[in-house]
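Participant: Structure below; questions to follow.
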Amino acid sequence: MDGDGGSDCDTGGEWIWVRRLQEAEAAAVAAGWQAEESRPLKVVFASPAKYFTDAAPIGNGRLGAMVWGGVASERLQLNHDTLWTGGPGNYTNPNAPTVLSKVRSLVGKGLYAEATAVAYDLSGDQTQIYQPLGDIDLAFGQHIKYTNYKRYLDLESATVNVTYTVGEVVYSREHFSSNPHQVIATKVSANKPGAVSFTVSLATPLDHRIHVTDTNEIIMEGCCAGERPVGDDSASDDPTGIKFCAILYLQISGANGTLQVLNDNMLKLDGADSAVLLLAAATSFEGPFVKPSESTLNPKTSAFTTLNMARTMSYSQLKAYHMDDYQSLFQRVSLQLSRGSDNVLRGNSLPNSPENSCQDIAVSHCVEQISDRSWLKELNNSDKPTVDRIISFVDDEDPSLVELLFQFGRYLLISCSRPGTQISNLQGIWSNDTRPPWDAAPHPNINLQMNYWPALPCNLSECQEPLFDFIESLSINGAKTAKVNYEASGWVSHQVTDLWAKTSPDAGDPMWALWPMGGSWLATHLWEHYSFTLDTQFLEKTAYPLLEGSASFLLSWLIEGQGGQLETNPSTSPEHYFIAPDGKKACVSYSTTMDMSVIREVFSAVLLSADILGKSGTDVVQRIKKALPRLPPIKIARDITIMEWARDFQDPEVHHRHVSHLFGLYPGHTMTLEQTPDLCKAVGNSLYKRGDEGPGWSTAWKMALWAHLHNSEHAYKMILQLISLIDPKHEVEKEGGLYSNLFAAHPPFQIDANFGSRSSN
């Protein structure tokens, strides 16, 4: 990889050559090696999309679309990152302290199943739901006979192109989502004058009204549900939530082209040489603390302001600005693998070499080069349909597909998380369902964090800014939750959240709902950002206050335990049950390994930050220094695995998808091969015990863990497992894998593995 940011980089290894890219190329020339041309980075489709996961994603951080690429009709399925149901919530439970006392008493008596039952009363409300904006629908005609169809997403330009031939006419469409001008732009053209004709309309499943103005604009206005819909009904009796407006502008070229309005809600174009469509959209969301009914924002005015700026530009100008903005991020990192990497990746050790040491050198200056030059003979597969490449990967292990998947993850992060936007949710920004899986709500018990794992090592630190803004919002709501629910200082957040920065426990089973470490884990990203950038102003103004607030909560949450140790009680290991000594199934106990690992990370970050900022004498720092030696250590179980719970409970699901108890190795820092070899051996045993199977995000996390154990063979095995095709018709039959558009599968589609697997490359 080549870029300007920094990261940890393992020392040694003949397969890693640490040089700036230019130096690496010069050395290759000096050595007489033939330079390899960069391979086109395209996700290629041989036919129109049949399912959502066959469509191609575009996005500018705020406004996204899925391009289906039909011939008789084209669909651009639209999303806006602030389109959610509901409004600011009350994330406190005044009855929680009494319940908490009961739970702690039962845990202290070893009555874990009983504590689990009582802990249901600590749960809160469900999150709100991410909503689709709607569709742009283009109708070109019925029963069109076409040939030479091709559709592809070009990662180098962040454009989706569709081409096909009807008779002697070659039709083409190009789509992109512009960050500089905040519009989705589409150009429809043909190689024959007067050949472009279609009908265009807007649609949405939400409460709305649509009308046409000025014969070339379609305006769609509507409103989300003001409350979370009950049951399976996507509608609501309270359509007083976030308001939205989308405006589609149509511009045509050609002397003989005509436009007419149909039914006051669609436009019909006939006989143009080409057409450009611009879509701008806005909502009334004014922040997580402002009720939709009290918002001062007018989405129609905002959308028109955006559109009016964009349509002063030609299509070529819009595209030039778009590409300049996008490529300033995307082109920071390059990755080239070779066939020869197979032999190296399958090895278990990386020989040390002083000349290959990357100590004191940023990993973004690392470039992978393989001594085996067999890649010179490699056939370029970039024009093959990506679905065929996924299918054949089990046989050919094409390294260029790994390159494509790596860069696709970077493309997605650029496209769904930019400064000033919302955080990447469970599906990034792409969802076509009013009831998406798990509400598309961000889950800070692994999934939200994994979305941002590649931001720093893949040199996209700006894309992490929405996360820091969101953590700030969580700290405000979380201070109320901490004070009321737990009579604690600082701020807390749990296992799931939403646009409104929900911080209270989720509704339902404490197995997932009762996990107050979500905010603390997120806070560690603040320290990671500083450690990469060495931005002292960021550390002082942004990171440290939030880290200190998280640490204050953790100090309040820790209570006196056995043998003079401090403990967390209640404590769960995310989404995982155990069998208590009395044979009963339970999830609530004390001092899980995950809890203690996260606490150590936060405490360490605060101490390091305080030392840099000259704050080592503060009360919080002194309390942390006293608390750290009293935290229970990570323990090794009888079977030489890492203990997940404070006691060596029986595990009823040894192949469980979460590997939370291994957090200390990655993304934490408390376990390393150099400092804690026995613990790392137990981590390896734990991974073998857990097994390789699991959802996409679980595969990505295991990949990273194996990489941090320097077991390249098993890390590569997880790559092989991830690159397997998921059929949308039968997706429940398999865990993990990729869809035809390279979206990662839980299944269903969940974007975290697209990001998590970047951190292991």
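Participant: Given HIS655, HIS661, HIS730, which one is farther than 30 Å from VAL333 by Cα and in contact with a strand residue (DSSP E or B) (Cβ under 6 Å, 6 or more places away or on another chain)?
Facilitator: Working: HIS655 fails: in contact with a strand residue (DSSP E or B) (Cβ under 6 Å, 6 or more places away or on another chain); HIS730 fails: in contact with a strand residue (DSSP E or B) (Cβ under 6 Å, 6 or more places away or on another chain).
HIS661 is the lone residue from the list that is farther than 30 Å from VAL333 by Cα and in contact with a strand residue (DSSP E or B) (Cβ under 6 Å, 6 or more places away or on another chain).
Participant: Does ASP395 satisfy the condition of being free of Cβ contacts under 8 Å to residues at least 40 places away in the same chain and not in a loop (DSSP other than H, G, I, E, B)?
Facilitator: On the way: free of Cβ contacts under 8 Å to residues at least 40 places away in the same chain: yes; not in a loop (DSSP other than H, G, I, E, B): yes.
When the stated conditions are applied, ASP395 passes them.
Participant: Residue by residue through the range 449-458, note down the ones that are part of a loop (DSSP other than H, G, I, E, B) and out of contact with any Leu (no Cβ under 8 Å at 6 or more places or on another chain). Outline the logic, then answer.
Facilitator: Keep residues of the range 449-458 that are part of a loop (DSSP other than H, G, I, E, B), which gives 452-458.
Correct list: TRP453, LEU456, PRO457.
Participant: Tell me, yes or no, whether the range 178-188 has at least one residue that is of a type in the set (Gly, Ala, Ser), farther than 30 Å from THR421 by Cβ and open to solvent by less than 10 Å² (accessible area, probe 1.4 Å). It would help to see each step written out before you state the result.
Facilitator: The first filter runs over the range 178-188 and keeps only residues of a type in the set (Gly, Ala, Ser), leaving 178, 185.
Now restrict to residues that are farther than 30 Å from THR421 by Cβ: none.
No, the range 178-188 contains no residue that is of a type in the set (Gly, Ala, Ser), farther than 30 Å from THR421 by Cβ and open to solvent by less than 10 Å² (accessible area, probe 1.4 Å).
Participant: I'm checking my understanding of the structure. Among residues of the range 495-518 that are assigned to a loop (DSSP other than H, G, I, E, B) and touching a His at 6+ places or on another chain (Cβ under 7 Å), which one is surrounded by the fewest Cβ atoms within 10 Å (Cβ to Cβ)? Steps first, answer last, please.
Facilitator: Of the residues in the range 495-518, the ones assigned to a loop (DSSP other than H, G, I, E, B) are 495-509, 514-517.
Retained after the next criterion (residues that are touching a His at 6+ places or on another chain (Cβ under 7 Å)): 495-496, 503-506, 515-516.
Values: GLN495: 24, VAL496: 27, THR503: 29, SER504: 29, PRO505: 29, ASP506: 22, TRP515: 28, PRO516: 28.
The qualifying residue surrounded by the fewest Cβ atoms within 10 Å (Cβ to Cβ) is ASP506.
Participant: Report whether or not LEU522 is part of a helix (DSSP H, G or I), in contact (Cβ under 8 Å) with a residue 12 or more places away in the chain, crowded, with 22+ Cβ neighbours inside 10 Å and more than 23 Å from the chain's Cα centre (by Cα). Quick ask: steps written out before the conclusion?
Facilitator: Numbers: part of a helix (DSSP H, G or I): yes; in contact (Cβ under 8 Å) with a residue 12 or more places away in the chain: yes; crowded, with 22+ Cβ neighbours inside 10 Å: yes; more than 23 Å from the chain's Cα centre (by Cα): no.
In short, no.
Participant: Give me a count of the residues in the range 610-652 that are in contact with a strand residue (DSSP E or B) (Cβ under 9 Å, 6 or more places away or on another chain) and assigned to a loop (DSSP other than H, G, I, E, B). Give the derivation first.
Facilitator: As a first pass, look at the range 610-652 and keep what is in contact with a strand residue (DSSP E or B) (Cβ under 9 Å, 6 or more places away or on another chain): 627, 630-632, 634-636, 642-647, 649-652.
In the following step, the residues that additionally are assigned to a loop (DSSP other than H, G, I, E, B) were identified as 631-632, 634-635, 643-647, 649, 651-652.
Residues that pass the stated criteria total 12.
Participant: To continue, here is another question. Of the residues that sit in the range 616-654 and are within 34 Å of the chain's Cα centre (by Cα) and among the basic types (Lys, Arg), which one is farthest from THR593 (Cα to Cα)?
Facilitator: Per the stated criteria, the residue is ARG647.
Participant: Under the condition of being among the small types (Gly, Ala, Ser) and in a helix (DSSP H, G or I), which residue from the range 72-105 is most open to solvent (accessible area, probe 1.4 Å)? So that I can check it myself, show each step before the final result.
Facilitator: Of the range 72-105, the ones among the small types (Gly, Ala, Ser) are 72-73, 86-87, 89, 96, 101, 105.
Retained after the next criterion (residues that are in a helix (DSSP H, G or I)): 96, 101, 105.
Values: ALA96: 1, SER101: 74, SER105: 53 Å².
Applying the filter and picking the extreme gives SER101.
Participant: Continuing with this model, one more query. Out of all the residues in the range 317-332, which are part of a loop (DSSP other than H, G, I, E, B) and open to solvent by 60 Å² or more (accessible area, probe 1.4 Å)? Outline the logic, then answer.
Facilitator: Of the residues in the range 317-332, the ones part of a loop (DSSP other than H, G, I, E, B) are 331-332.
Of everything in the range 317-332, just one residue is part of a loop (DSSP other than H, G, I, E, B) and open to solvent by 60 Å² or more (accessible area, probe 1.4 Å), namely GLN331.
Participant: From the list SER415, SER431, SER424, SER382, exactly one residue is at pLDDT below 95, open to solvent by less than 10 Å² (accessible area, probe 1.4 Å) and either touching an Asp or Glu at 6+ places or on another chain (Cβ under 7 Å) or not aromatic (Phe, Trp, Tyr) (or both). Which is it?
Facilitator: Values: SER415 fails: at pLDDT below 95; SER431 fails: at pLDDT below 95; SER424 fails: at pLDDT below 95.
Being at pLDDT below 95, open to solvent by less than 10 Å² (accessible area, probe 1.4 Å) and either touching an Asp or Glu at 6+ places or on another chain (Cβ under 7 Å) or not aromatic (Phe, Trp, Tyr) (or both) holds for just one of SER415, SER431, SER424, SER382, which is SER382.
Participant: Restricting attention to the range 54-101, which residues are out of contact with any Leu (no Cβ under 7 Å at 6 or more places or on another chain), closer than 30 Å to THR481 by Cα and β-branched (Val, Ile, Thr)?
Facilitator: THR85, THR92, THR98
Participant: Just for helices (runs of 4 or more DSSP H) wholly inside the range 696-761: which have at least 2 residues that are open to solvent by 10 Å² or more (accessible area, probe 1.4 Å)? First the steps, then the outcome.
Facilitator: Details: elements: 696-708, 712-722, 752-756.
Passing ranges, in order: 696-708, 712-722.
Table: residues versus (1) surrounded by fewer than 20 Cβ atoms within 10 Å (Cβ to Cβ); (2) on the phi > 0 side of the Ramachandran plot; (3) touching a residue at least 60 places away in the same chain (Cβ under 8 Å).
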| position | (1), (2), (3) |
| --- | --- |
| GLY564 | yes, yes, yes |
| LYS585 | yes, no, yes |
| GLU601 | no, no, yes |
| ARG623 | yes, no, yes |
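Participant: Filter the range 468-494 for residues that are surrounded by 23 or more Cβ atoms within 10 Å (Cβ to Cβ) and touching a helix residue (DSSP H, G or I) at 6+ places or on another chain (Cβ under 7 Å) and give the result. Working first, answer last.
Facilitator: Filtering the range 468-494 down to residues surrounded by 23 or more Cβ atoms within 10 Å (Cβ to Cβ) leaves 471, 474-475, 477-478, 481-482, 485, 490-494.
Those that are surrounded by 23 or more Cβ atoms within 10 Å (Cβ to Cβ) and touching a helix residue (DSSP H, G or I) at 6+ places or on another chain (Cβ under 7 Å): ILE471, LEU474, SER475, GLY478, ALA482, ASN485, GLY490, TRP491, VAL492, SER493, HIS494.
Participant: Still on this structure, please answer the following. Within the range 238-316, which strands (runs of 3 or more DSSP E) (wholly inside it) include 3 or more residues that are over 26 Å from VAL169 (Cα atoms)?
Facilitator: On the way: elements: 243-253, 258-262, 266-272, 274-283.
Correct list: 243-253, 274-283.
The values are calculated or read from the model by the stated rules, or taken from the named source; none is laboratory data. All values reported here derive from a predicted model rather than from experimental measurement. FYI the Cβ positions are ideal-geometry reconstructions off the backbone, even for glycines, and counts take in every protein chain you see. Ligands, DNA and RNA are stripped out before the accessible areas are found, and what is left, the full protein with its side chains, is counted by its heavy atoms. Shrake-Rupley method; radii C 1.70, N 1.55, O 1.52, S 1.80 Å.
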